[in-house]
Amino acid sequence: MDNSTKLGKTPILKLMAIMSIPAMFSMLVQALYNIVDSFFVGMISETNNEITALNYAFPLQMIFFAIALGIGIGTNSLISRKLGENNQKEASKVAQTGLLLGVCAIVITALSSLFLPKLFMMIYKDESDTIKNLSIDYLTIAMGFSFGMFVETIFNKILQSTGNMKVPMFSQLIGAITNIILDPIFIFKTGTTYATPFGFDFNMPFGFGLGVKGAAIATIIGQIIAGIFVLCIALFKKQSVSFNFKGFKLSFNVIKQIVSVGIAVTIVNSINSISTMILNKIFENVKIQIGDELKNVGATVLGTYFKLQSFIFMPIFGMNQGVMPILGYNYGAKKAKRFNQTFIYALIFALIIMIVGLLLFQFAPKQLLSILLSGEEVSRGVWALRIISLSFFAAAGNIIVSSLFQAIGHGFKSAALNLLRQAFILIPLALVISLVFKELNYVWIAFPIAEWLSLLIFSFITIRTIIKLNKEMNKKEIVI
């Protein structure tokens, strides 16, 4: 059975397993990938300066990843629908257009690396020069050589749209494992003893001692190798869509359709980064005295939380990678029953994953934080993890609903939902709480309020959308 055809014929639970499990596994590895830099640089010193520097750099780095993801998922969504309509020629045209958009993004990102990191860190004028310089070093390297990330992300999403989940899984594994192996080699210095969070010291027999710069170099090498792998598979092995540009004509209508979904995805993934930047500034209202220094503990804890929660959220995002092509294909093929089953099962599985996450964050927050942090930041972070995790169930619903909108091409609704939950409610509420109570512990309450209120508001929009889609799909079913 052709990869794309199975999206419309294989039983839904079996199809979701085939499509989602490889992506969930690779996303778990991706979560490890995201946390490993912080784990190793956190061992350089006991000041947590390196961790704080990475936490400041992470939001800007993720904005450019969000651009790659937006191009990839926008292309993915449209290809799935064209294959559902049995229009392979148009699906290939969409894939080729997505690649051209990726090339444009690579050039813009590389040029931005020459000046944007310095401009970005000017936001945190009250932060120490040491932390700002470490962040600038990391961002300049990560952005300047981000072409591997763009190639890997966009090609992976195109392959996933055709039902090919194994190649994206292997590419992410290759990138993550390469990064994990290279991190200690580039970060640590030969002959220097480093303390681990697990209570024992180790001595690096060989290392370049580049610190935060080394973490960035290990990351981009992993991305480049993963990008080369997926590029070779896509170009030299037969796929459901063609990457041959012979006779290709650029269509602004195709660009518009890719961007209509892609911009929503980019906003969805960027808004979290932008919100993090703003929250880091808000946390300056509630700095904490540690020894002789006033420290922005909130920024350190928040960045660490995002890395830890990725082990819970990444499997859901991985499931979405498998679910979106199924939703898009069956919507295009007007198979209402399969479409509805996929959405319901996705909600159920997301809630099950969040139960595990809630239990971990409620009963083992100190142990989780101690993997990356030490001292006062750990004790301050315990309360944060317990409060924020109260939002997990609502977040699961919001994530699945957002993916539903992306799969059917309703990018605006997806963007609106995520703007509501991560910006329009969260940021004003956190600011008011920080100004009124002047206490860090109270600020975390804004997170569960934002998630649950957003879910309540959008539940009505989602129900109306699904009813309308079912009426549309039940008019005529395409037989493939």
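Which of rounded, prolate, oblate describes the stretch 206-315, given a ≥ b ≥ c as roots of the alpha-carbon gyration tensor eigenvalues and a/c under 1.5 marking rounded, otherwise prolate only if a/b is larger than b/c? In terms of gyration-tensor shape, oblate. The long axis of helix 426-437 is offset from the longest Cα principal axis of the chain by roughly 30 degrees. Relative contact order of the stretch 1-156, taken over Cα pairs closer than 8 Å and 6 or more residues apart, is 29 percent. Taking only the Cα atoms of the stretch 329-444, the ratio Rg/Rh comes out at 1.09, with Rh defined as the Kirkwood radius.
Taking only the Cα atoms of the stretch 189-232, the radius of gyration and Dmax are 14.5, 43 Å.
All C-alpha pair distances within the stretch 263-306, sorted into 10 Å bins from zero, spread as 28, 41, 21, 8, 1 percent across the bins.
Using 7 Å Cα-to-Cβ label points, what is the Ala110/Lys337 separation (nm, one decimal)? Modelled inter-label distance: 5.2 nm.
Annotation: extensible slack from Ser242 through Trp383 equals 45.6 nm (criterion: 0.36 nm per residue apart, minus Cα-Cα distance). Along the stretch 288-297 the Karplus relation, 6.51 cos²θ - 1.76 cosθ + 1.60 evaluated at θ = phi - 60°, assigns HN-Hα couplings of 10, 6, 10, x, 9, 10, 8, 10, 7, 5 Hz to successive residues, with x for each Gly and Pro. All alpha carbon pair distances within the chain were sorted into 20 Å bins beginning at 0; the resulting P(r) in whole percents reads 24, 57, 18, 1. For the stretch 91-138, the calculated P(r), taken from all Cα-Cα distances in 10 Å bins from zero up to the bin holding the longest distance, is 23, 33, 21, 16, 7, 0 percent. Considering only the Cα atoms of the stretch 139-248, their convex hull presents on average a projected area of 9.0 nm². Here is the tail figure for the stretch 431-480: Cα pairs spaced more than 13 Å apart come to 70 percent of all pairs. Legend: calculated FRET efficiency, Phe363 to Glu85, from the Cβ-Cβ distance at R0 = 41 Å, rounded to 0.05, equals 0.25. Mind grabbing the base-10 log of I(q)/I(0) for the stretch 270-382 at q = 0.22 Å⁻¹? Debye formula, identical points on the C-alpha positions, no solvent, two decimal places. Here the Debye-derived log intensity ratios amount to -1.17.
Distant-in-sequence amide contacts of Lys189, defined by a placed amide H-H separation under 5 Å and a gap of 5 or more residues or a different chain, comprise Gly209. Here the convex hull built on the C-alpha positions of the stretch 73-187 has a volume of 111 cubic angstrom per residue.
Along the charge dipole of the stretch 309-425, Cβ charges K/R +1 and D/E -1, which of Gly411, Ala333, Ile355 sits furthest on the positive end? Going by the charge dipole, the pick is Ala333. Given +1 at the Cβ of Lys and Arg, -1 at the Cβ of Asp and Glu and no other charges, the dipole of the chain around its Cα centre is 2500 debye to the nearest 20. Leu308 contributes an accessible area of around 10 Å² to the protein surface, as traced by a 1.4 Å probe with all chains present. A cut-off under 11 angstrom between Cβ atoms defines the neighbours of Leu15, and their net charge, with Lys, Arg +1 and Asp, Glu -1, is +4. Each peptide in 115-126, 160-171 receives the mean, over its residues, of other Cβ atoms within 10 Å, and ordering these scores from highest gives 160-171, 115-126.
Please state the shape class of the stretch 1-158: rounded when a/c is under 1.5, otherwise prolate if a/b exceeds b/c and oblate if not, all from the C-alpha gyration tensor. Note, shape of the stretch 1-158 comes out oblate. Over all Cα atoms in the stretch 198-257, the spread is summed up by Rg and Dmax: 21.1, 62 Å. Annotation for Ile18 and Lys125: the two label points, set 7 Å from Cα along the Cα-Cβ direction, are 5.9 nm apart. Sorting the segments 194-202, 426-434 by their mean number of nearby beta carbons within 10 angstrom, highest to lowest, gives 426-434, 194-202. I'd like the FRET efficiency for Ile461 and Ser45, computed as 1/(1 + (r/R0)^6) with the beta carbon distance as r and R0 of 60 Å, rounded to 0.05. The computed FRET efficiency comes out at 0.80. Per residue, the convex hull spanned by the alpha carbons of the stretch 1-67 comes to 113 Å³. Do the alpha carbons of any pairs in Lys9/Lys413; Lys93/Lys157; Lys14/Lys237 sit beyond 22 Å of each other, and which pairs? Over 22 Å apart, Cα to Cα: Lys9/Lys413; Lys14/Lys237. Heavy atoms of the protein chains alone define the surface here; on that basis the chain has 41 Å² accessible area per residue at 1.4 Å probe size. Given q = 0.13, 0.24 Å⁻¹, what are the Debye log10 I(q)/I(0) values for the stretch 306-354, with equal point scatterers placed on the Cα positions and solvent ignored? After summing over all Cα pairs, the log10 values are -0.34, -0.83. To put it simply, the accessible area of the chain at a 1.4 Å probe is 68 percent carbon and sulfur. Taking N as the residue count of the stretch 291-330, its C-alpha radius of gyration divided by 2.2 N^0.38 Å amounts to 1.99. Sites listed here are trypsin sites (Lys or Arg not before Pro) in the stretch 171-259 whose DSSP assignment is loop and whose Cβ has at most 11 other Cβ atoms within 10 Å: Lys237, Lys238, Lys246, Lys249.
Only helices enter this figure: runs of n ≥ 4 DSSP H residues, each worth -39500 (n - 2.57), summed and divided by the residues of the chain, yield -26000 deg cm²/dmol at 222 nm to the nearest 500.
The values are calculated or read from the model by the stated rules, or taken from the named source; none is laboratory data. Fair warning: this is a prediction, and the values are worked out from it, not measured in the lab. In this analysis, Cβ positions are derived from the backbone assuming ideal geometry, glycine residues included, and neighbour counts consider all displayed protein chains. To get the accessible areas, we keep the full protein, side chains included, count just its heavy atoms, and leave off ligands, DNA and RNA. Shrake-Rupley method; radii C 1.70, N 1.55, O 1.52, S 1.80 Å.
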